[in-house]
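The values are calculated or read from the model by the stated rules, or taken from the named source; none is laboratory data. Remember, it's a predicted structure, so these values are computed and weren't measured experimentally. Cβ placement follows ideal geometry from the backbone for every residue including glycine, while neighbour counts extend to all protein chains displayed. For accessibility, only protein heavy atoms count, side chains too; no ligands or nucleic acids. Shrake-Rupley method; radii C 1.70, N 1.55, O 1.52, S 1.80 Å.
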Amino acid sequence: MKKAAIALTLTTLLSASVQADTLLGVYFGGQVWDNEAEGVFGESTTQSDFNLKDEQQGSFFVAVEHPLPFLPNVKLAHTNLDTDGNTTLTTDFEFNDQTFSADTSVDAVFDVSYNDYTFYYELFDNDLLTFDFGLTARDLDGDVKVADTGNTQSASRSVSEIIPMAYSSVIIGLPFTDWNLFAEGNYLTFDDHTLYDYQVGVSYALTDNFALDVNLTAGYRAVKFELDDLDDFYADLEFKGLFAGVIMHF
């Protein structure tokens, strides 16, 4: 009878753990992204390639999932895009009411970050296939600065806007292994604006138990900003490269 009682108690505890995870799942994740920056930015009449440097950027997220059928799950993510560059202008360059003459050596600083507020639903959620879809509000915030090498002339412009984007995510489990394939992205095409942020890669389940799941991730990520008159800021920039990260599920 004692053995039966112990077995019943263990079964009850395990069942409670499974139900608790079903009722509420919390995810934390982060990655280091080694990206290459390329493209041009400026104003409507003049845009220039400032040879932006390759940098290591960081990003992180937290997500909360629940079983309520009509309320979306919520994911909050933050990404930094911070780089600088230099070029010698081949033509006059105008930026925020300042004109930089041709043949001037000019430094540029691109310091922009964004917070993503994503509301999504799970269409499938099992060991072989997980598919999510929803909407993201991308909150851009930062500054872009241009100055001649001697710092006798400079101009800066704030970049601040909330942009709605579509969101989707898919995870494919490889049977009888601890490996998954995944793809995730936000995207928007409207008038002359094109924005996307996608990543594809693999994940490995380092631990998988009732208390904590830890997955190691690696893959390729690309971010595109093709902006036409965002607060009088014009850009056609892309950041892309390899990343490595970790995701924890409580």
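Per-structure values
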{"quantity": "Lysine pairs within the chain, Cα separation less than 19 Å, 8 or more sequence positions apart or different chains", "calculated": "4"}
{"quantity": "Positive minus negative residues near GLY219 (Lys, Arg vs Asp, Glu; Cβ under 14 Å)", "calculated": "-1"}
{"quantity": "Net +/- balance of residues flanking LYS240 in space, Cβ distance below 9 Å, scoring K and R +1, D and E -1", "calculated": "-1"}
{"quantity": "Accessible-area composition of the stretch 94-173, carbon plus sulfur, in percent [1.4 Å probe]", "calculated": "50"}
{"quantity": "Relative contact order %, the stretch 130-250, counting alpha carbon pairs below 8 Å whose residues are six or more apart", "calculated": "18"}
{"quantity": "Cα-derived Rg over Rh, computed across the stretch 130-250 with Rh taken as Kirkwood radius", "calculated": "1.11"}
{"quantity": "Relative intensity, log₁₀ I(q)/I(0), of the stretch 153-193 from a Debye sum that treats every alpha carbon as a point, q = 0.20, 0.32 Å⁻¹", "calculated": "-0.79, -1.09"}
{"quantity": "Average accessible surface area per residue within the chain, 1.4 Å rolling probe, Å²", "calculated": "55"}
{"quantity": "Normalised contact order of the chain, rounded percent, pairs of Cα under 8 Å and 6 or more residues apart", "calculated": "18"}
{"quantity": "Order of exposure, largest accessible area first, which applies to VAL62, VAL106 with probe 1.4 Å", "calculated": "VAL62, VAL106"}
{"quantity": "Cα-based helix-to-principal-axis angle, 2-23 vs the chain, degrees rounded to 10", "calculated": "30"}
{"quantity": "Tail beyond 23 Å, pair distance distribution of the chain (Cα, percent)", "calculated": "58"}
